[in-house]
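Engineer: Structure provided below as structure tokens; questions to follow.
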Amino acid sequence: MKIAIVILNWNGKQLLEKFLPTVVKQSQLSTVEIYVADNASTDDSIHFIKQNYPSVKIVQNKENGGFAKGYNDALQFIDADIYGLINSDIEVTENWLDPIISTFEKEPTTAIIQPKILDYKNKYFFEYAGAAGGFIDKYGYPFCRGRIFSELEKDNQQFNDIKEIFWASGACFFIRTTIFKNLNGFDEDYFAHQEEIDLCWRAQNLNHTIKYVGTSTVYHVGGATLKEESPKKTFLNFRNSLFSLVKNLPKKDLFGIIFMRLVLDGIAGLKFLFEFRPKHILAILKAHISFYKQLSKMLAKRGNHKKRNDYFTIKSIVWQHFILGKKKYKDLF
């Protein structure tokens, strides 16, 4: 099974200097090749790779198309059975690939895998982007085992399992090449944020399985591209989540869930108001305007859909967390 580890880079020389050495050192398998997919960087990161890591292959994109287009453009030129897409701010650990490769080999119906993702800055805790595997509630709000909104759990080996999940984190995302191509890759209208959730949902609508493999561990810095408090990130997350609902919900659920979601987004805007964060209120308004402008385009992208909603583990994570005060994944059930 041929594995391509593909690191997306945009002006990330400092991150490559820090994290590429470990990726190279801990991925020394005969079936593994390492690539940097460069999104038209203007720094000297490409020169750095060529000078210091000649074994690392480089694919240079003509423009910075963000996460979605950046990977779509680069992966066309990479031959492998499995794509391992990892952020440039990921530190991998010894033998991190073995459990992932083993799971793919043993489970032919498993299409996508993520490892355990811990916080590089606080290695005893799960990291925001993916933690121990992602889920969404009925209204499209994402959460993780080990992370509910901004509440992060300590890693006490409670998630050292292999478990089916709803979505795998784009920070460290393994997918069978045939399935990535069959799904036409990431949706480039997302630019960045939550395109992996959409891709996982589309995969499940075709009866593929997504797994979390907790016996493999990586550490993620997080926020290297857009900080968590960035209004741009708020805009992308709110808009792209609405895109995913329109594209993937069963027809009978579409109107009711979208309407309720828009109401909940309004409540989120009030929360930002009380927190004196006006730029984030504006970001939600801009997200809704952009969503309405592209609604017909998203409706045209609807494909096969499951008739059931058993991929929603809970009805409302907003209610569970903000009203009932649930802070840990185990408390939700």
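All of the numbers you see were taken from the coordinates with simple rules; none came from a lab. Fair warning: this is a prediction, and the values are worked out from it, not measured in the lab. Heads up, the Cβs are rebuilt from the backbone with ideal geometry, glycines too, and the neighbour counts pull from every protein chain shown.
Engineer: Post the alpha-carbon centroid distance, region 1-61 to region 118-173, in whole angstrom.
Structural biologist: 26 Å
Engineer: Pairs of alpha-carbon atoms within less than 8 angstrom and 6+ residues apart define the contacts here; what relative contact order does region 231-332 have, in percent?
Structural biologist: Rounded, it is 38 percent for region 231-332.
Engineer: Mind sorting Arg261, Arg147, Arg302 by how few other Cβ atoms lie within 10 Å of their own Cβ, fewest first?
Structural biologist: By the 10 Å Cβ count, ascending: Arg302, Arg261, Arg147.
Engineer: Starting from 0.36 nm per residue, how many nanometres of slack lie between Gln294 and Glu63 once their C-alpha separation is accounted for?
Structural biologist: Full extension from Gln294 to Glu63 adds 80.9 nm.
Engineer: Still on this model: What's the exposure ranking of Lys301, Lys330, Lys116, going from fewest to most Cβ atoms within 10 Å?
Structural biologist: Ascending number of Cβ neighbours within 10 Å: Lys330, Lys301, Lys116.
Engineer: Then there's this: With n ≥ 4 as the cut-off for DSSP H runs, can you work out [θ] at 222 nm for the chain, using -39500 (n - 2.57) per run divided by the number of residues, rounded to the nearest 500?
Structural biologist: The helix contribution divided over the chain gives -11500 deg cm²/dmol.
Engineer: Still on this structure, please answer the following. For helix 66-75, what angle does its Cα long axis make with the longest principal axis of the chain, in degrees from 0 to 90 and rounded to 10?
Structural biologist: 40 degrees
Engineer: Could I ask something else about it? 7 Å from Cα along Cα→Cβ at both Lys327 and Ser55: what's the point-to-point distance in nm?
Structural biologist: Placing both labels 7 Å along Cα→Cβ, they lie 4.5 nm apart.
Engineer: Is there a pair in Lys2/Lys121; Lys18/Lys50; Lys163/Lys315; Lys279/Lys328 whose C-alpha atoms are over 23 Å apart, and which pairs would that be?
Structural biologist: Among Lys2/Lys121; Lys18/Lys50; Lys163/Lys315; Lys279/Lys328, the Cα-Cα distance tops 23 Å for Lys2/Lys121; Lys279/Lys328.
Engineer: Suppose the chain between Thr42 and Leu270 were pulled fully straight at 0.36 nm per residue; how much longer would it get relative to their current alpha carbon spacing?
Structural biologist: Taking 0.36 nm per residue and subtracting the Cα distance, the gain is 78.1 nm.
Engineer: Find out how many positive minus negative residues lie around Gln194, taking Lys and Arg as positive, Asp and Glu as negative, among other residues whose Cβ is under 10 Å from that of Gln194.
Structural biologist: That sum, taken over residues with Cβ under 10 Å, equals -3.
Engineer: Could I ask something else about it? Under 16 Å Cα-Cα from Lys247, which lysines qualify once same-chain neighbours fewer than 8 residues away are excluded?
Structural biologist: Lys138, Lys293, Lys297, Lys301, Lys306, Lys307
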